[in-house]
Structure formats: C-alpha cells, structure tokens
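One structure is given here, and the rest of the page talks about it.
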Amino acid sequence: MTEPRILEPTILDAIERYFELLQGHASAQEMTERVLTDDFETGFVGGYMWHGPDGLAAFLADRSVFFDESHEILQLMDITQPAPETISARTRLRFFLRRHEPPAAVSEEFNGQAFHTWRLRRQPPNNDWRVAAQMVDGFAMLNDNAAALFAAPTEGLHT
C-alpha cells in the first residue's frame with residue numbers, strides 16, 4: 001500500500017483536471033477522453049445517481065444552466081488505496097455557481113461547501129489516473145439558492 005501523502009499530488013491532479021473540464025462545459029465525450037473512466041458515476045450517497053456515458057450526458061445537461069462556477073478544494077482526507085489500480089479519497093470543497101434565467105434582471109448565485117468521496121482508477125493505454133466516481137456525501141454552509149438546488153438528493157438537481 002502506498003503512503004497517503006505520496007498519493008496526494010495524483011489525487012489533486014485528477015480532481016483539478018475534472019473540475020477544469022466541468023467548469024469549462026466540456027462535452028461528455030471530451031471528459032471521458034481526458035479525465036473520466038468509461039463507467040464513471042456521480043450522484044448523492046443514498047440518493048440520485050448518474051451512471052455511465054448516458055448518465056454523464058444527463059448530468060452535464062442538468063448542470064448546463066450554470067455559466068460561471070468554481071470549485072476550491074479545502075481539505076483532502078481519508079486517502080486509501082484498496083487495490084494497486086484504485087485510489088479512494090474524500091474532499092471538502094467550496095463551490096460557487098451562477099445561473100441566469102430570463103427575464104430575471106440579475107443572476108442567481110449558489111455557494112457553500114460540499115463533501116465528496118472520489119474513486120480514481122488507473123486506465124490504459126497510458127496508465128493515467130482517471131476519475132471513476134464522484135459521490136456527494138453532504139453539504140455545509142449553503143446559501144438559500146444552493147439549499148434549494150440540493151434539497152432533494154433522491155431526485156437529482158433542482159435546476
């Protein structure tokens with residue numbers, strides 16, 4: 001088993017590549033080609049899940065209403081390597097999302113903190129680390145808009 005501190009740069013690199021593409025509104029195909037595994041899954045622990053290529057496309061469509069967003073990792077914790085080709089870690093991050101829905105005069109802001117469990121897997125042919133799963137474990141410090149967006153984790157996002 002590899003020492004958790006040695007894995008930190010690998011984990012942060014994969015997560016940052018994921019968020020760079022997500023925030024840039026990359027297509028499902030581009031995200032899969034560059035940072036995700038083919039069987040990528042995301043969703044809420046004990047709630048709604050998006051699975052595989054179709055799930056990824058639906059997830060990206062659900063969040064396409066956001067035109068400005070950022071994610072800042074505040075804490076990396078609980079790093080394990082259950083198998084040589086798999087890494088698991090948890091994060092606490094700060095997020096900011098912005099949406100504008102005409103005819104509203106101003107945009108809406110969504111912010112708070114989110115806790116995630118990540119599963120990374122080494123993927124051929126380059127043996128690079130890819131995001132296989134990003135699961136939302138919970139939230140903290142949500143503003144009213146974010147609380148409404150994530151109010152029903154069994155149903156997905158209320159965009």
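Remark: region 21-85 carries a charge dipole of roughly 100 debye about the Cα centre, counting +1 on each Lys and Arg Cβ and -1 on each Asp and Glu Cβ. Put +1 on the Cβ of each Lys and Arg and -1 on the Cβ of each Asp and Glu in region 101-155; which of 133, 152, 102 then has its Cα farthest toward the positive end of the dipole? Of the listed residues, the answer is 133.
Rolling a 1.4 Å probe across the protein heavy atoms gives the chain an accessible surface of 52 Å² per residue.
Here region 34-157 is assigned +1 on the Cβ of each Lys and Arg and -1 on the Cβ of each Asp and Glu. Its dipole about the Cα centre then comes out at about 380 debye.
With a simple spin-label model that places each label point 7 Å from the Cα along the Cα-to-Cβ direction, the separation between residue 39 and residue 109 comes to 4.1 nm.
Compared with the alpha-carbon gap, the fully stretched path from residue 68 to residue 16 is longer by 17.1 nm at 0.36 nm per residue. Applying the criteria of a DSSP loop state and at most 13 other Cβ atoms within 10 Å to the GluC sites (Glu not before Pro) of region 108-159 yields 155. Rounded, prolate or oblate: which fits region 30-96 when a ≥ b ≥ c are the square roots of the eigenvalues of the alpha-carbon gyration tensor, with rounded for a/c under 1.5 and prolate only if a/b beats b/c? Oblate shape, in that a/c is at least 1.5 and b/c is the bigger or equal ratio.
Between helix 52-62 and the chain there is an angle of about 30 degrees, using the helix long axis and the longest principal axis of the Cα atoms. If you sort the three axes of the alpha carbon gyration tensor as a ≥ b ≥ c, you get a/c of 1.5 or more for region 49-159 and a/b above b/c, which makes it prolate. Here each label is just a point 7 Å from Cα along the line to Cβ, and for residue 92 and residue 23 those points are 2.1 nm apart.
Of the solvent-accessible surface of region 1-112, computed with a 1.4 Å probe over protein heavy atoms with every protein chain present, carbon and sulfur atoms account for 51 percent. Extension gain, residue 159 to residue 75, is 27.5 nm, computed as 0.36 nm per intervening residue step minus the present C-alpha separation.
Compared with the dominant principal axis of the Cα atoms in the chain, helix 4-23 is inclined by about 40°. Please identify which residues in region 73-99 have an amide N closer than 17 Å to a label point set 7 Å out from the Cα of residue 3, following the Cα→Cβ vector. So the set is 78-81. Ordering 7, 55, 74 by the projection of their Cα atoms onto the charge dipole of the chain, which places +1 on the Cβ of Lys and Arg and -1 on the Cβ of Asp and Glu, puts 7 at the extreme positive end.
The values are calculated or read from the model by the stated rules, or taken from the named source; none is laboratory data. Owing to the predicted nature of the structure, the values given are computational and were not obtained by experimental measurement. Methodologically, a virtual Cβ is constructed for each residue, glycine included, from the backbone with ideal geometry; neighbour enumeration extends over all protein chains shown. Accessible surface areas use protein heavy atoms only, side chains included; no ligands, DNA or RNA. Shrake-Rupley method; radii C 1.70, N 1.55, O 1.52, S 1.80 Å.
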